[in-house]
1. Against the condition modelled with pLDDT of 95 or more, within 17 Å of His125 (Cβ to Cβ) and of a type outside the set (Asp, Glu), how does Ile67 come out, does it pass?
2. Please go through region 13-38 and pick out each residue that is assigned to a loop (DSSP other than H, G, I, E, B) and not acidic (Asp, Glu).
3. Quick one: which of Thr139, Thr100, Thr112 is touching a strand residue (DSSP E or B) at 6+ places or on another chain (Cβ under 8 Å) and not aliphatic (A, V, I, L, M)?
4. Just for region 65-99: of the residues that are aliphatic (A, V, I, L, M) and under 14 Å from the mean Cα position of the chain (by Cα), which one is farthest from Asp7 (Cα to Cα)?
5. Please find, within region 4-48, the residue that is nearest to Val99 (Cα to Cα) out of those that are loosely packed, with under 14 Cβ neighbours inside 10 Å and touching a residue at least 60 places away in the same chain (Cβ under 8 Å).
6. Provide a single number: the residues in region 87-146 that are more than 16 Å from ligand 1 (Cβ to nearest atom), surrounded by fewer than 12 Cβ atoms within 10 Å (Cβ to Cβ) and of a type outside the set (Val, Ile, Thr).
7. Mind telling me which of the residues Leu114, Leu41, Leu91, Leu60 ends up being in a helix (DSSP H, G or I) and more than 30 Å from Ile19 (Cα to Cα)?
8. Being touching a Ser or Thr at 6+ places or on another chain (Cβ under 7 Å) and not hydrophobic (A, V, I, L, M, F, W, C) is the filter here, so list the residues in region 91-110 that pass it.
Amino acid sequence: MSTHKPDIKEILRQSGNSITKPRLLIFDLLVGQEPMTMYQLYDKTKNQLDRASIYRIVDLFEKLGVIQRISSGWGYKIELSDKFAEHHHHLTCLSCHRVTPIAGEEMEAFVTSLSKQHSFRAIGHQVEIQGYCNDCEATASSSVRV
Ligand SMILES: [Zn+2]
Ligand SMILES: [Zn+2]
């Protein structure tokens, strides 16, 4: 399935925002990456940008639908939206806060039929399954034994 991925420069231009180096840098740092926290993103910029600028860019990208937030623990992580990444769902570990992207084809048909039942035209969805990853399960069960 070949899908046309929109161009970040095109999105900025069409929304009346200028194409700046910091904006392109933040976008590049998110391409092909797993969801990351603002701190992880800041870390990746290697002091090329200050925190305030990163927050402003992330805020703009969210408004433009370039990125999406996933809740994680008390905070959130960000990743590129379905426009730029293959559509997927998430497994969120409540203990280590690792967010794992997963497929789950069956979900698509389910969402479509559920929306239809409610006379609703769905244009997107986010699915986040919360629980404990294998590593955290193993740690938890071994500490119980102690
Ligand atoms: Zn975990
Ligand atoms: Zn889906």
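1. Values: modelled with pLDDT of 95 or more: yes; within 17 Å of His125 (Cβ to Cβ): yes; of a type outside the set (Asp, Glu): yes.
Here the answer is yes, as Ile67 does meet what is asked.
2. From region 13-38, those assigned to a loop (DSSP other than H, G, I, E, B) are 15-20, 31-35, 37; that's our starting set.
The answer is Ser15, Gly16, Asn17, Ser18, Ile19, Thr20, Val31, Gly32, Gln33, Pro35, Thr37.
3. Values: Thr139 fails: touching a strand residue (DSSP E or B) at 6+ places or on another chain (Cβ under 8 Å); Thr112 fails: touching a strand residue (DSSP E or B) at 6+ places or on another chain (Cβ under 8 Å).
Step by step, each of Thr139, Thr100, Thr112 is checked, and only Thr100 is touching a strand residue (DSSP E or B) at 6+ places or on another chain (Cβ under 8 Å) and not aliphatic (A, V, I, L, M).
4. Taking region 65-99 and keeping what is aliphatic (A, V, I, L, M), we get 66-67, 70, 78, 80, 85, 91, 94, 99.
In the following step, the residues that additionally are under 14 Å from the mean Cα position of the chain (by Cα) were identified as 66-67, 70, 78, 80, 85, 91, 99.
Numbers: Val66: 10, Ile67: 13, Ile70: 23, Ile78: 19, Leu80: 12, Ala85: 12, Leu91: 28, Val99: 26 Å.
Residue satisfying both the conditions and the ranking: Leu91.
5. For region 4-48, the residue satisfying everything is Glu34.
6. 13
7. Numbers: Leu41 fails: more than 30 Å from Ile19 (Cα to Cα); Leu91 fails: in a helix (DSSP H, G or I); Leu60 fails: more than 30 Å from Ile19 (Cα to Cα).
Checking each option against the conditions leaves just Leu114.
8. Applying the first criterion (touching a Ser or Thr at 6+ places or on another chain (Cβ under 7 Å)) to region 91-110 yields 91-92, 97, 99.
Of everything in region 91-110, those that are touching a Ser or Thr at 6+ places or on another chain (Cβ under 7 Å) and not hydrophobic (A, V, I, L, M, F, W, C) turn out to be Thr92, His97.
The values are calculated or read from the model by the stated rules, or taken from the named source; none is laboratory data. Bear in mind that the values here come from a model prediction, so they are computed numbers and not experimental data. When we count neighbours, we look across all protein chains shown, and the Cβ atoms used for this are built from the backbone with ideal geometry, even at glycine.
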